[in-house]
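For reference, the structure is listed below as structure tokens.
What follows is calculated from the coordinates using simple rules that are stated; it is not laboratory data. Treat the numbers as computed from the prediction; the structure is a model and nothing was measured. Ideal geometry is used to build each Cβ from the backbone, glycine not excepted, and the neighbour counts take in all protein chains shown.
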Amino acid sequence: MPEVQRIDVRGPRFAASLTAVLLLIATFLSLIGIATARADVGWFAYQPLSDQTFVPGSWAVSSAPIAARVADPGFLLVLVIAALFLWGVVSPRTAPWGVLYRRVVQPRLAPATEFEDPRPPRFAQGVGLFVTAVGLLLHLAGVPWALPIAAAAAFLAAFLNAAFGLCLGCQLYLLLQRAGLIGRRRPSAA
């Protein structure tokens with residue numbers, strides 16, 4: 001079995017820091033956007049979205065056309081973040097935050113003394129992709145509060161990794177690995 005190349009532990013924490021900042025902004029934008037707006041209250045009530053009339057107390061995202069849901073700034077930023085998560089899963093060596101860390105930040109730091117298996121951080125990127133994709137899809141389906149909740153959950157995970165080195169996706173990977181569900185090759189029957 002070939003040995004897995006190890007990575008500098010500071011790289012994923014750097015990426016989590018930048019991701020946390022973007023997710024905090026996305027959470028804010030989604031909280032003030034269509035995802036949490038009431039259809040009959042505030043600025044949204046005056047926007048002509050369609051021929052239908054609003055039901056008092058209904059949510060704007062539920063009655064808005066798909067174009068309005070897609071044009072929401074919170075949705076667009078979470079979409080970009082989901083694309084970054086996808087990039088981190090598909091090609092972690094070329095993902096923007098990793099390249100920025102290796103080319104700009106790492107040369108200015110002392111040589112790395114701690115290294116880790118790259119599979120748990122890559123799995124964590126997949127978990128981030130899953131959480132943000134669920135929020136995006138539910139938002140497109142017109143579910144109120146789905147986008148800010150997904151963005152906030154992803155922010156919490158990224159913040160814990162950036163600030164404290166606690167990678168929830170990595171912990172989930174290790175738990176699934178111990179259960180024998182992922183990460184270990186099973187002996188093939190001869």
With N residues in the range 56-136, Rg(alpha-carbon) / (2.2 N^0.38 Å) equals 1.52
Quickly rank 131-144, 58-71 as a protection proxy: mean count of other C-beta atoms within 10 Å, highest first. 131-144, 58-71
Ordered by packing density, taken as the mean number of other Cβ atoms within 10 Å over each peptide's residues, highest first, how do 75-86, 169-180 rank? 75-86, 169-180
